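Novice: The structure under discussion is supplied below as structure tokens; questions concerning it will follow.
The values are calculated or read from the model by the stated rules, or taken from the named source; none is laboratory data. Please read these numbers as outputs of a predicted model, since none were measured by experiment. Cβ sites come from the backbone with ideal geometry, for glycine too, and all protein chains shown count toward neighbours. Areas reflect the complete protein model, heavy atoms only, side chains present, ligands, DNA and RNA absent. Shrake-Rupley method; radii C 1.70, N 1.55, O 1.52, S 1.80 Å.
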Amino acid sequence: MSVIEERKIPKWKIDEVASLEEKLKNSKTVIIADVQGFPADKLHEIRKKLRNIADMKVTRNTLFLIAAKRAGLDVEKLEKYISGTNAFIFTNENPFSISILLSKFKLKRYPMPGDKADEEVVIPAGDTGMTAGPILSTFGKLKVQTKVQDGKVHVVKDTLIAKPGDPIPPEAAPILQKLGIMPVYVKLKLKAAYHENLVIPSDQLELNVDQYRSMIAEAARDSLALGVEIAYPVPDVLKITIGRAYTRALAIAAEAGYITPETAQMVLTKAMSKAYAVLSAISGKVDLGVEVPKAIQS
Amino acid sequence: MEYIYASLLLHAAKKDITEDAIKAVLNAAGVEVDEVRVKAVAAALKEVNIDEVIKNAAAMPVAAVPAGG
Amino acid sequence: MEYIYASLLLHAAKKDITEDAIKAVLNAAGVEVDEVRVKAVAAALKEVNIDEVIKNAAAMPVAAVPAGG
Amino acid sequence: MEYIYASLLLHAAKKDITEDAIKAVLNAAGVEVDEVRVKAVAAALKEVNIDEVIKNAAAMPVAAVPAGG
Amino acid sequence: MEYIYASLLLHAAKKDITEDAIKAVLNAAGVEVDEVRVKAVAAALKEVNIDEVIKNAAAMPVAAVPAGG
Amino acid sequence: MEYIYASLLLHAAKKDITEDAIKAVLNAAGVEVDEVRVKAVAAALKEVNIDEVIKNAAAMPVAAVPAGG
Amino acid sequence: MEYIYASLLLHAAKKDITEDAIKAVLNAAGVEVDEVRVKAVAAALKEVNIDEVIKNAAAMPVAAVPAGG
């Protein structure tokens, strides 16, 4: 341990580590996000939206690791996520809640060459404000119908130039810029969360809420089915159970050819639908002078 | 379903659906006739407006399942 | 539909659907038999798996019309 | 439908659907039993694969009433 | 489903669906009756309009899907 | 539906669905337990093949429900 | 699905679906709790309108058969 070496460390670094250590000690969760090449203005937007929920800081990996060690984090578990340029999000929230929150921010940007559209790219009808000139041929290439009015380019009708997932034609970039159309989403890439000594990697951290929604639906459906099957004694379930018992009784009556005024419709319908099915199966070869009802033919 | 097909056949042929008529058809088909069932079917059909039922049956949206399956 | 009902009756009774059998059933029902049609139906049904066809028809929703009509 | 319900009850209880059993159930429910019907139902159901029919019926639309309603 | 078939039988026979009546029917069918379930079913059915439910079950057009529930 | 949810939780966890187990789960959820209902549900579930019921429920087409709700 | 049933149980019991509540229910069911999954479920379900989803799921059995075919 050399006192001399420590002196070499600039004060801002010492302060930074102290500040990071403080944040780590006061937060149940820290999330590491990849911000390599991430637009600074968008990062600012995110920081603003996270205010009062989480604190986001872009800092040097080495400083973070020192602070993490001092704050008592299990740094070994984290090290593999600490490379490149990272933002660190400190929060006391459930890390999944932060992940969901971030996924809800629709941050958009103008396309760069090679980008695919995240939403429909439509050039709207009307005055583009662009002066007629070489740009007209670009519109032409994009198959956007235009006319010139008072020296300005007017788009004749709303024109789709890319569907979600389609590559955005690079030549469209200046037009989209001019019209303020940002069809590409910017999303913060989360690498991992460290929460109460657990490391949650990105694949787990990114929740598909729809999947949970359908699991709830599935569980609810199965529960109802089971409730119906065992005649779970609450009125709403029993209504369905009774409907099903009645339907079964009708089906049995129909199959047995058991006719009562109540079952006659069902029984005869069933017999007739069988007859029509047979008729329809041979209708190409035999003309019995009977038409197969349209509904059955299909 | 023999009793029902016999009844529908008689109906399609515009004959009365009596016990005797049903029996005759079933006998011709080589079916051993159960008197009780013939009685039951003939009695039950007397209470049913077959024309109405058949009209409903034909009008029903039955196309949910492709016939060819 | 008489020819079909007669055939289905035979089928339900597990009898062979021959020209003679169809004719016998139709006669018993008092239907004047058209020889050509009987031949055609008997021939056509030989190539049809009736159980299969009927099974698909049975899968059709049949409770669509209120019992009271 | 009493005769059918009685039969389905017996089926669900894994009992044989005999004339006597149907009669006993109907009597217990206070239904005046019609011998012809009992015989007809018992005979007809012998030819029906009830489990199969029930399974297919389950695919039919069953519940007009939303549980939440 | 035994408890429901028994209840539907009583309903079809125009009898009150009481605990005792359900028990009598189940006993006649040779079903070992669970007192607790009988109580629960009888109580819950008091709040159900069976005629309404049956009408809906029977009347259900194939396409009757209440969009919003 | 609490009793059903509790039972299916136990089922999903491959635990026996006993009265005591259901009660424990319900208590943990802060549900005031109705002894009669617990007994009724536990008894009824003994007669049911839950996996089968779930399989059939899943087999029903579900496309009628608007995805987003 | 244990975590989902536990959540549905809490919902039905009108309790908040918190990590601790889910854990308590799962523990009572004898399920070994995975801390990460509990957190994920609690966070995800905050975004789900469970009543709405249940209502739609309940409306499902109505639509066993596609309308147009």
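Novice: For region G:2-63, which whole-number percentage of the solvent-accessible area (1.4 Å probe, protein heavy atoms only) is attributable to carbon and sulfur atoms? Walk me through the intermediate numbers first.
Specialist: Working: 1010 of 2330 Å².
Roughly 43 percent of what the probe reaches on region G:2-63 is carbon or sulfur.
Novice: Let me ask something additional. Counting only other chains, what is the mean number of Cβ atoms within 10 angstrom of the Cβ of each residue in peptide F:12-18? Working shown, then result.
Specialist: Values: counts 10, 9, 3, 4, 1, 0, 0.
For this peptide, the per-residue mean of nearby foreign Cβ atoms is 4.
Novice: Right, here's the next one. Given the pairs A:77/F:14; A:191/G:46; D:15/D:46, which span a C-alpha to C-alpha distance of over 25 angstrom in this model? Display every interim value, and only then the final one.
Specialist: Working: A:77/F:14 33 Å; A:191/G:46 23 Å; D:15/D:46 13 Å.
Violating the 25 Å limit, Cα to Cα: A:77/F:14.
Novice: Add -39500 (n - 2.57) for each DSSP H run of 4 or more in the protein assembly as shown, then divide by its residues: what number comes out at 222 nm, to the nearest 500 deg cm²/dmol? Please list the in-between numbers first.
Specialist: Working: 37 runs with 394 residues, N = 712.
After summing the helix terms and dividing by the residues of the protein assembly as shown, the value is -16500 deg cm²/dmol.
Novice: While we're looking at this one, here's another question. For chain A, give the percent of accessible area contributed by carbon and sulfur heavy atoms, probe 1.4 Å, rounded to a whole number.
Specialist: On the way: 6990 of 14060 Å².
Taking all protein chains in place, chain A shows 50 percent carbon and sulfur surface.
Novice: Arranged from highest to lowest average of other beta-carbon atoms within 10 Å per residue, in what order do the peptides A:141-148, D:16-23 appear?
Specialist: Values: A:141-148: 14.9, D:16-23: 16.6.
So the peptides A:141-148, D:16-23, ranked by packing, come out D:16-23, A:141-148.
Novice: Right, next: Quote the total accessible area buried by chains C and A together, excluding ligands, DNA and RNA, probe 1.4 Å, nearest 100 Å².
Specialist: Values: alone 5310 and 19100 Å², together 22340 Å².
It comes to approximately 2100 Å² buried between C and A.
Novice: Would you please state the base-10 log of I(q)/I(0) at q = 0.05, 0.09 1/Å for the protein assembly as shown, with intensities from the Debye formula using one equal scatterer on every alpha carbon?
Specialist: One equal scatterer on each Cα of the protein assembly as shown leads to -0.41, -0.92.
Novice: Another question about this same structure. Would you mind giving the mean number of other chain beta-carbons within 10 Å of the Cβ of each residue in G:30-36, as a whole number?
Specialist: Numbers: counts 8, 7, 1, 0, 0, 5, 9.
Mean inter-chain Cβ contacts per residue within 10 Å come to 4.
Novice: Hey, another quick one. With unit charges on the beta carbons (Lys and Arg positive, Asp and Glu negative) and the dipole taken about the Cα centre of the protein assembly as shown, which residue among G:10, A:38, E:11 sits farthest to the positive side?
Specialist: Of the options given, the answer is A:38.
Novice: Just check chain A against the gyration tensor rule for me: Cα atoms, a ≥ b ≥ c as the square roots of the eigenvalues, rounded for a/c under 1.5, and otherwise prolate or oblate depending on whether a/b exceeds b/c. Let's see the in-between values first.
Specialist: Values: a/c = 4.07, a/b = 1.54, b/c = 2.64.
Because a/c hits 1.5 or more and a/b fails to exceed b/c, chain A counts as oblate.
Novice: Same structure, new question: Could you pull the Rg and Dmax for region A:212-285, using just the Cα atoms, both in Å?
Specialist: Cα only, region A:212-285: 18.3, 55 Å (Rg, Dmax).
Novice: If you take the beta carbon distance between residue A:104 and residue D:51 as r and set R0 to 60 Å, what does 1/(1 + (r/R0)^6) give as a FRET efficiency, to the nearest 0.05?
Specialist: Details: r = 50 Å, r/R0 = 0.83.
Efficiency at R0 = 60 Å is approximately 0.75.
Novice: Tell me the total accessible area that B and C bury against each other, 1.4 angstrom probe, in square angstrom rounded to 100.
Specialist: Numbers: alone 5240 and 5310 Å², together 8510 Å².
Chain pair B/C: roughly 2000 Å² of buried accessible area.
Novice: So how far apart, in nm, are the two label points at residue A:287 and residue A:206 if each is 7 Å from Cα heading toward Cβ?
Specialist: Rounded to a tenth, the inter-label distance reads 6.4 nm.
Novice: Additional query: Find every distance from the label point of residue G:46 to the corresponding label point in the other copies (7 Å from Cα along Cα→Cβ) and write them in nm, one decimal, shortest first.
Specialist: Between copies, matching label points for residue G:46 lie 4.4, 4.4, 6.8, 7.4, 7.5 nm apart.
Novice: Need the per-residue list for region A:186-206: every residue with at least 30 Å² less accessible surface in the complex of protein chains than in the chain by itself, probe 1.4 Å, sorted by number.
Specialist: A:198
Novice: With a probe of 1.4 Å, find how much accessible area region A:121-180 has per residue, and write the answer as a whole number in Å². Mind showing how you got there, number by number?
Specialist: Working: 3300 Å² over 60 residues.
Ligands and nucleic acids excluded, the figure is 55 Å² per residue.
Novice: Which of A:105, A:125, A:82 sits farthest toward the positive end of the charge dipole of region A:1-133, with +1 on the Cβ of Lys and Arg and -1 on the Cβ of Asp and Glu?
Specialist: Among A:105, A:125, A:82, the one farthest towards the positive end of the dipole of region A:1-133 is A:82.
Novice: Restricting attention to region A:97-205, which GluC sites (Glu not before Pro) occupy a DSSP loop and are surrounded by at most 16 other Cβ atoms within 10 Å? Let's see the in-between values first.
Specialist: Numbers: sites: A:119, A:120, A:171, A:196; in loops: A:119, A:120, A:196.
Sparse-neighbourhood loop GluC sites (Glu not before Pro): A:119, A:120, A:196.
Novice: Using Cα-Cα distances under 8 Å and only pairs 6 or more residues apart, what relative contact order does region F:2-59 have, in percent?
Specialist: Details: 29 pairs, mean separation 18.3, N = 58.
Reported relative contact order: 32 percent.
Novice: Here's a follow-up. Note down the Stokes-Einstein diffusion coefficient of region A:121-180 in µm²/s, whole number, using a Kirkwood radius over alpha carbon pairs, 4 °C, and 1.567 mPa s.
Specialist: Details: Rh = 11.5 Å.
Reported coefficient: 112 µm²/s.
Novice: Round to the nearest 10 and give me the degree value, 0 to 90, for the angle of helix A:264-282's Cα axis relative to the longest principal axis of chain A.
Specialist: 80 degrees
Novice: So for chain A, taking the charge dipole from beta-carbon charges (+1 Lys/Arg, -1 Asp/Glu), which of A:138, A:161, A:253 sits furthest toward the positive end?
Specialist: Result: A:138.
Novice: Only sites in a loop by DSSP and with at most 11 other Cβ atoms within 10 Å count here; which trypsin sites (Lys or Arg not before Pro) in region A:1-107 make the cut?
Specialist: Numbers: sites: A:7, A:8, A:11, A:13, A:23, A:25, A:28, A:42, A:47, A:48, A:49, A:51, A:57, A:60, A:69, A:70, A:77, A:80, A:104, A:106; in loops: A:28, A:51, A:60, A:106.
Sparse-neighbourhood loop trypsin sites (Lys or Arg not before Pro): A:51, A:106.
Novice: Averaged per residue, what accessible area in Å² does region D:2-58 show with a 1.4 Å probe, protein chains only?
Specialist: Details: 2590 Å² over 57 residues.
Per-residue value: 45 Å².
Novice: Now for a separate question. Let me understand region D:2-58 better: what is its radius of gyration from the alpha carbons, and its Dmax, in angstrom?
Specialist: 11.1, 32
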